[in-house]
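Structure, as structure tokens:
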Amino acid sequence: MRVVVAGTFGPLHDGHRKLLATALECGDEGVVVGLTSDAFARGKRDRPVPDFTERRARLVDELGTLDEWDRTVTVREIDDEFDFAATDPTLDAVVVSTESDDDLADLNGRRREHGLDPLVGVVVPVVRGEDGERISSTRVVRGEVDEHGRRAGGSDS
């Protein structure tokens, strides 16, 4: 299966790692990672977002660490929510979190408009921090939790 996963991935956290690891595990025919452009990423957020080149470098390093299967991985810049996933006939599946799985119907509707088969949705549960709340880049930037979901100022144990 050729799998796509997308996001801003900045800063990276354990929720992202779960999505990426799932894509790598499922993507025996390759993984395509859509990484939001600076304009797209910053246009949707009121928090600082690292530059695309910084996010891409960190993402590539993280993919290398997570890839136990020696997958072929491509990182592509995206400028909107669906971008190439709506038009790429080589894709078979998309990895999404339980927060974004509602977007799958819209994505597959766009694929049908282009005469393409729908993508299989691989839904990954959100990763929660030690406080029981979802880990997010916004929470990391705010200093509420670290990238592993540990409370700011908390212990490492």
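The values are calculated or read from the model by the stated rules, or taken from the named source; none is laboratory data. Just so it is clear, the structure is predicted and the values come from calculations on it, not from any experiment. Cβ coordinates were reconstructed from backbone atoms using ideal geometry, including for glycine residues, and neighbour counts include every protein chain displayed. Surface areas here come from the heavy atoms of the whole protein model, side chains and all, with no ligands, DNA or RNA. Shrake-Rupley method; radii C 1.70, N 1.55, O 1.52, S 1.80 Å.
Can you go through Asp67, Asp103 and tell me which one is of a type outside the set (Val, Ile, Thr) and at pLDDT 95 or above?
Asp67
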Residues of segment 14-24 satisfying the condition of being buried (at least 22 other Cβ atoms within 10 Å of the Cβ) and either part of a loop (DSSP other than H, G, I, E, B) or touching a helix residue (DSSP H, G or I) at 6+ places or on another chain (Cβ under 7 Å) (or both): Leu20, Leu24
Check on Asp38, acidic (Asp, Glu), within 14 Å of Glu77 (Cα to Cα) and without any contact (Cβ under 8 Å) to a residue 40 or more places away in the chain: yes
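Is one or more of the residues making up segment 46-57 within 21 Å of Arg134 (Cβ to Cβ), under 16 Å from the mean Cα position of the chain (by Cα) and hydrophobic (A, V, I, L, M, F, W, C)?
In the first step, residues of segment 46-57 are kept if they are within 21 Å of Arg134 (Cβ to Cβ); the result is 46-50, 55.
Add one more test, that the residue is under 16 Å from the mean Cα position of the chain (by Cα), and what stays is 49-50, 55.
Applying the additional criterion that residues be hydrophobic (A, V, I, L, M, F, W, C) yields 49.
Yes, that holds for at least one residue.
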Residue in segment 107-127 that is surrounded by the fewest Cβ atoms within 10 Å (Cβ to Cβ), counting only those that are in contact with a Gly (Cβ under 9 Å, 6 or more places away or on another chain) and free of Cβ contacts under 8 Å to residues at least 12 places away in the same chain: Pro118
Failed criterion for Leu104 (all others in (1) touching a residue at least 24 places away in the same chain (Cβ under 8 Å); (2) buried (at least 16 other Cβ atoms within 10 Å of the Cβ); (3) closer than 13 Å to Val4 by Cα hold): (1)
Matching option when the condition is without any contact (Cβ under 8 Å) to a residue 24 or more places away in the chain, among the hydroxyl-bearing types (Ser, Thr, Tyr) and surrounded by fewer than 17 Cβ atoms within 10 Å (Cβ to Cβ), among Thr74, Thr87, Thr53, Thr98: Thr53
Checking Thr8 against (1) over 15 Å from Val73 (Cα atoms); (2) touching a residue at least 12 places away in the same chain (Cβ under 8 Å); (3) open to solvent by 50 Å² or more (accessible area, probe 1.4 Å), the condition it does not meet: (3)
